[in-house]
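Everything below concerns the one structure shown next.
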Amino acid sequence: MAASATSKLLVSDIASVVDHVPSNYVRPVSDRPNMSEVETSGDSIPLIDLQDLHGPNRANIINQFAHACSSYGFFQIKNHGVPEEIIKQMMNVGREFFHQSESERVKHYSADTKKTTRLSTSFNVSKEKVSNWRDFLRLHCYPIEDFIHEWPSTPVSFRKVTAEYATSVRALVLTLLEAISESLGFVKDRISNTLGKHGQHMAINYYPPCPQPELTYGLPGHKDANLITVLLQDEVSGLQVFKDGKWIAVNPVPNTFIVNLGDQMQVISNDKYKSVLHRAVVNSDKERISIPTFYCPSEDAMIGPAQELVNEEEDSHAIYRNFTYAEYFEKFWDTAFATESCIDSFKASTA
Ligand code: OGA
Ligand code: NI
């Protein structure tokens, strides 16, 4: 049994045959979820209602963005404009994809982090020492016509539903970027204009039930490398955010998205806004699906702190050097979450 389980590519196919966590998934004692120390009720992340964003109350909502971005880096949004029906269909095709037979799924398998459509497991199997209890399908999805032909063609509605979902979430992201630009005192297209031709990736994360969830992670603590992430999660808890020295569970709220800032927002805002540590834990009786949209610069875009926020005389020097997003993204996959973030290696030299 152990030999056959470890020869499987995907953790979904291991989870269904084991009654314990194989040793390559077991974290050292000092690095386990420790659920008794997680805040599961009470203090949570802010909720922003986008209903009035384009009305007379805009200034107030921009203030809410400023507070959420500077104090949390994580917030939930409601009345976001992505139709409920599209969200439901996206969750359904994601689930159906992972419920297909092993032979159907593994056709899409690749450990090559440069591939623009691929199914894989854990985070980066060629770099990491301990594996994570997660499989994921990762898709580039902007511009859609460049990538849609690579996407899975089963379930039969996969491409149509995913294209609709990606288009709708992109429109939401552009709205969020306008609000965040204004919250930093910029004109509304300021951030959007720094992203070159723009990029959008999606993942469908599949966390199978785990026989010993206290020994492993779905995803260990990490920060997202991209600009901004819009996360859809199903009704099973698992996401946790690190705030003021402790982990806070972000429990699912129907029809809301979770938004978090990534490393590129931290760089562009020259540390006014931070990319925040988060992780996903697993549980013993329910599968969990989450669908993050990672919005990012195009690979050729030159990223660095916004000039307006840098003033050498007033001691607000540029904290980061300029780099292309291609350079950053390659470094991100290489570090394999070994360090919590790769942003430190892009600091400006202070010599
Ligand atoms: C991610 C991530 C959280 C979750 O995919 O980067 O942080 O709840 N996912 O699955
Ligand atoms: Ni993440």
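The values are calculated or read from the model by the stated rules, or taken from the named source; none is laboratory data. All values derive from a computational prediction rather than experimental measurement. Heads up, the Cβs are rebuilt from the backbone with ideal geometry, glycines too, and the neighbour counts pull from every protein chain shown. The accessibility values were calculated without ligands, DNA or RNA, using every heavy atom of the protein model including side chains. Shrake-Rupley method; radii C 1.70, N 1.55, O 1.52, S 1.80 Å.
At a glance:
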read-out	value
Computed over region 76-192: relative contact order in percent, which uses C-alpha pairs under 8 Å that are six or more apart	22 percent
Ranking by accessible area, most exposed first, for M91, M265, M302 with a 1.4 Å probe	M302, M91, M265
Distant-in-sequence amide H partners of L47 (H built 1.01 Å from N, under 5 Å)	Q76
Highest-fluctuation residue, F242, F136, F123 considered, GNM on the chain with Cα pairs under 10 Å	F242
W133 accessible area, 1.4 Å probe, all protein chains in place, Å² to nearest 10	0 Å²
Residue-averaged 222 nm ellipticity for the chain, from DSSP H runs of 4+ at -39500 (n - 2.57), nearest 500	-7500 deg cm²/dmol
Loop-located trypsin sites (Lys or Arg not before Pro) in region 164-197, at most 11 other Cβ atoms within 10 Å (DSSP)	K197
V21 accessible area, 1.4 Å probe, all protein chains in place, Å² to nearest 10	10 Å²
Nearest-0.05 FRET efficiency for E314 and K88, computed from C-beta distance (R0 41 Å)	0.25
Average accessible area per residue (Å²) across the chain - probe 1.4 Å, nucleic acids and ligands excluded	43 Å²
Cross-link reach list, lysines versus K246, counting only Cα pairs under 18 Å and skipping chain neighbours closer than eight places	K223, K274
Probe 1.4 Å, all protein chains present, accessible-area order of R58, R32, largest first	R32, R58
For the chain, with +1 on Lys and Arg beta carbons and -1 on Asp and Glu, the positive-most of S298, P252, H149 along the dipole	H149
Label-point gap, in nm, between E128 and S36 - each point 7 angstrom along Cα→Cβ	2.7 nm
Accessible area of region 280-351 belonging to carbon and sulfur atoms, whole % at 1.4 Å probe	46 percent
Label-to-label distance, nm, for residues given as D334 and K347 (7 Å Cα→Cβ offset)	1.9 nm
